[in-house]
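Below is one structure, written out as structure tokens, with a few remarks after it.
The values are calculated or read from the model by the stated rules, or taken from the named source; none is laboratory data. For clarity, every value in this text was computed on a predicted model and none was experimentally measured. In this analysis, Cβ positions are derived from the backbone assuming ideal geometry, glycine residues included, and neighbour counts consider all displayed protein chains.
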Amino acid sequence: MTQDARRQAPAAARNRDPILAVLREALPPSGLVLELASGTGEHAVHFAKALPGVLWQPSDPDAGARESIAAWREAEALPNLLPPLALDAAAQSWPVAAADAIVCINMIHISPWESTEGLMAGAGRLLAPGHPLVLYGPYRRAGHPIEPGNQAFDEDLKRRDPRWGLRFLEEVSACALEQGLVLERFVEMPANNLTVIFRKR
């Protein structure tokens, strides 16, 4: 266990390589990648290390999370990993003017729907045509029976906060389309998760 501000999430160690495999295909080879809801910062470190051509910009609305990200950044000393920004996806304005890609992992189901709307509005503002928004997490799909593990997770989330819960991919895609973001494809991932790739029209 680390003795400084670095936090660790077991799920991050499990899912980082499968996510990275998709990011290698979806992200541009260079430019600024904005990560929303960076959490512990473990993903930011792993992806920045594996993708040296991009400039990785982590962010999180939680001060404790930003402390963890900053501590990981200091420990790893990666030249392409920027200091974390205070950024709430639901905010009307973000402290970033433009990005070549946006990545958001495990936020949509653990936040109010307003955060998803804000995420799509922000991506619509920041991304140039053809640039990607990449999401990862558990989703429901119309006509697709929900997996028992995801059903239990959904119920637990709603007990913790009635505004949380697994979203239907179709509803997230419709919200994205309103901001000019078109669903390109989704990739089935371990543990009944999806990586979903949108492109700015």
Restricting attention to the range 132-183, which residues are of a type in the set (Phe, Trp, Tyr) and without any contact (Cβ under 8 Å) to a residue 60 or more places away in the chain? TYR139, PHE153, TRP164, PHE168
Given the conditions (1) charged (D, E, K, R); (2) farther than 19 Å from TYR136 by Cα; (3) crowded, with 22+ Cβ neighbours inside 10 Å, and given that ASP60 satisfies all but one, which numbered condition is not satisfied? (2)
Taking the range 171-201 and keeping only residues that are out of contact with any Pro (no Cβ under 7 Å at 6 or more places or on another chain) and more than 24 Å from GLN92 (Cα to Cα), one is left with GLU184, ARG185, PHE186, VAL187, GLU188, ALA191, LEU194, THR195
Could you tell me whether the range 184-193 includes any residue that is polar (S, T, N, Q), free of Cβ contacts under 8 Å to residues at least 60 places away in the same chain and outside any loop (DSSP other than H, G, I, E, B)? yes
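Assess whether ILE146 counts as being hydrophobic (A, V, I, L, M, F, W, C), outside the structural domain of ARG16 (by TED's automatic domain parsing), touching an Asp or Glu at 6+ places or on another chain (Cβ under 8 Å) and part of a strand (DSSP E or B).
no
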In this structure, is VAL134 at pLDDT 95 or above and within 18 Å of MET189 (Cβ to Cβ)? yes
Take ILE102 and tell me if it is in contact (Cβ under 8 Å) with a residue 40 or more places away in the chain, touching a Gly at 6+ places or on another chain (Cβ under 8 Å), under 14 Å from PRO58 (Cα atoms) and crowded, with 16+ Cβ neighbours inside 10 Å. yes
Can you find a residue that is closer than 14 Å to ASN192 by Cα, in contact with a strand residue (DSSP E or B) (Cβ under 7 Å, 6 or more places away or on another chain) and in contact (Cβ under 8 Å) with a residue 60 or more places away in the chain anywhere in the range 106-115? yes
